[in-house]
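**Student:** Take this structure, written in structure tokens, and hold onto it; I'll ask about it next.
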Amino acid sequence: MSIPTRQICVNLPVKDLNRSIAFFDSLGYSFNAQFTDEKAACLVISDSIYAMLLTEEFFRTFISKEIADTQTTAEVILALETDSRAHVDELADKALAAGGTEPKAPIDHGFMYTRSFQDPDGHLWEIFYMDESALQQ
């Protein structure tokens, strides 16, 4: 039996908190002011998905390891499902216009369409749409 969970909150180190806030704001996301200050910002992705963007100095207070150099190391891919292929393209295009980079070409499997981007701190994000009716065929 699995343990019921209510939400996910991913913690990500960032080099410049204001730059990160501006980047995600330009993608249309909001921030929870209650959990945002000069050391951290609570990025609201959905009603149950959040990313805490933490200055590297503050992030270090939670760990005993080195922070991954995202220019040379992939620590995680944050995959977000959206409700259409058009929304995949819209969000990826906004990310690129806001200064993100596209590490690989879009992938179209027919039943699933994905695009990826790196945010200004090098974190990898994948936006995807899955047509479950096509998957069942």
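The values are calculated or read from the model by the stated rules, or taken from the named source; none is laboratory data. What you are looking at is a predicted structure, and each value in this text was computed from that prediction instead of being measured. In this analysis, Cβ positions are derived from the backbone assuming ideal geometry, glycine residues included, and neighbour counts consider all displayed protein chains. All accessible areas refer to the heavy atoms of the entire protein, side chains included, with ligands and DNA or RNA removed. Shrake-Rupley method; radii C 1.70, N 1.55, O 1.52, S 1.80 Å.
**Student:** Can you tell me how many residues in the range 96-137 are polar (S, T, N, Q), at pLDDT 95 or above and either open to solvent by less than 40 Å² (accessible area, probe 1.4 Å) or assigned to a loop (DSSP other than H, G, I, E, B) (or both)? Don't jump to the end; show me each part of the working.
**Tutor:** Pass one, the range 96-137, residues polar (S, T, N, Q): 101, 114, 116, 118, 133, 136-137.
Still in the list and also at pLDDT 95 or above: 101, 114, 116, 118.
Remaining after also requiring either open to solvent by less than 40 Å² (accessible area, probe 1.4 Å) or assigned to a loop (DSSP other than H, G, I, E, B) (or both): 114, 116.
Final tally of qualifying residues: 2.
**Student:** Oh, and also: Which condition breaks for Ile67 when tested against (1) surrounded by 13 or more Cβ atoms within 10 Å (Cβ to Cβ); (2) in a helix (DSSP H, G or I)?
**Tutor:** Unmet condition: (2).
**Student:** I'm checking my understanding of the structure. Among residues of the range 1-21 that are open to solvent by 60 Å² or more (accessible area, probe 1.4 Å) and in a helix (DSSP H, G or I), which one is nearest to Ala74 (Cα to Cα)?
**Tutor:** Arg19
**Student:** If the Cβ limit is 6 Å and pairs must be 6+ apart or interchain, which residue in the range 5-34 that is modelled with pLDDT under 95 pairs with which residue that is small (Gly, Ala, Ser) and not in a strand (DSSP E or B)?
**Tutor:** Gln7/Ser48
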